[in-house]
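Written out below as structure tokens is the structure these notes cover.
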Amino acid sequence: MLIIGCGGRPSPTTLPVKTPAVTPAHDLASEKPAAPADHPEQKDPRVVDLDIIRISAKETSPGNVEMEHVATADLFKQANDAAKSGATQQAISLYRRIVSDFPESQFAPVCLFNIAAIYDGQGDLPQTIATLRELVKAYPKARESVDGHLYIAALQADHELYADANKTLDEVLARDNLTFADKVEAFARKGYALLELKQYDDADKALQQAVAQWRAANHIDDPYYIAMASYYRGELAHRRFLDAPVRLPDDQEVADLEQKRVLAVQAYDFWKQALGYRQAYWATASGYQMSQIFVELWQATVNAPYPTKLDSGTRGKYVADVHDRVREHLEKALEGHRMNVEPAKACGVETTWSRGSEQQAVTIMQLLADDSAGHYVTPAH
């Protein structure tokens, strides 16, 4: 998106109002989300096909010996069946038996992963992470070990333990058995954690690394994490937009509003990139933000301080003029939010973001009605 202005340099009594050349509704219409791939943070029990059978002699009575065999596949099936039926303690015991009696089995790392999934389902974060740490240490070369390591970071971030998540992701990225897809996920998650820690420059570097790993790969089927990285690159610019002040005197105010506009454009463009991956969750998240940024631009302008050279007797006309100039921002935001709701419902991929757009549309309609009635938002000073 390019936002352009009309006319020459604004006079001290006129705030710079820029008009977007395209609209979020236009971009949303051209990038409808695909059906979502499953991305539960709570991992499902896994299955493997390889089997180990242990045969042992058991004396049932004096002079009477019977041969007893135990197959890991049978134990694993019993454990999975118990987990599915809700007999979680029985499932954990059976999984643990496989880990202790058959540590060399390819079932063993899967069992630890599934134990962690059970603890996670029970909301037991310490036990979940402890089990995953056990998996990472005991089976460093197993696929489940990599997934478990990433799972730890996801859980830590979900519980707002961002510094811990960042540390865990450094451990993940130090591994020598990562795929390109693993690296995209790790850098995307690291960028998010650093963003929440307000380490914006480092967050930007991590998110750019996620993009670089995506481009270096021949092909990655699932766009979830590259869409996540693009979304948070937009959110990084958005955070800077929100932090940017609008100050007097008049020349400073003009410069500050221009800086906000530039940051809004940067955020919009990254969200548009995320939208282009057509991953349902991040597409609707981006659609929401691409629309809502117009509301925030409107708010930044109508709440900007009165220019110092403005005569107090003309403030009413000034406010009406500013609102008239930026009303288009609200109209475009409303159209964009509506577009974010309709494709999601049509495709059966409703998300928290599409529901949020539905709520914001109602709010914006009220703002437009107030604006039409001359009930204007005015600067505080």
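Please treat every number below as a calculation from the coordinates, not as lab data. Please read these numbers as outputs of a predicted model, since none were measured by experiment. Note: ideal-geometry Cβ built from the backbone for every residue, glycine included; neighbour counts use all protein chains shown.
Within the range 185-309, how many lysine pairs that are 8 or more places apart, or on different chains, have C-alpha atoms less than 25 Å apart?
Lysine pair count for the range 185-309: 9.
By per-residue mean of other Cβ atoms within 10 Å, what is the highest-first order of 110-116, 262-268?
Output ranking for 110-116, 262-268: 110-116, 262-268.
What does the net charge come to around ALA373 if you take all other residues with beta carbon closer than 15 Å to its beta carbon, with K and R at +1 and D and E at -1?
Summing Lys and Arg as +1 and Asp and Glu as -1 gives -2.
Once you keep just the Cα pairs under 8 angstrom separated by 6 or more residues, what percentage relative contact order results for the range 267-381?
After rounding, I find 33 percent.
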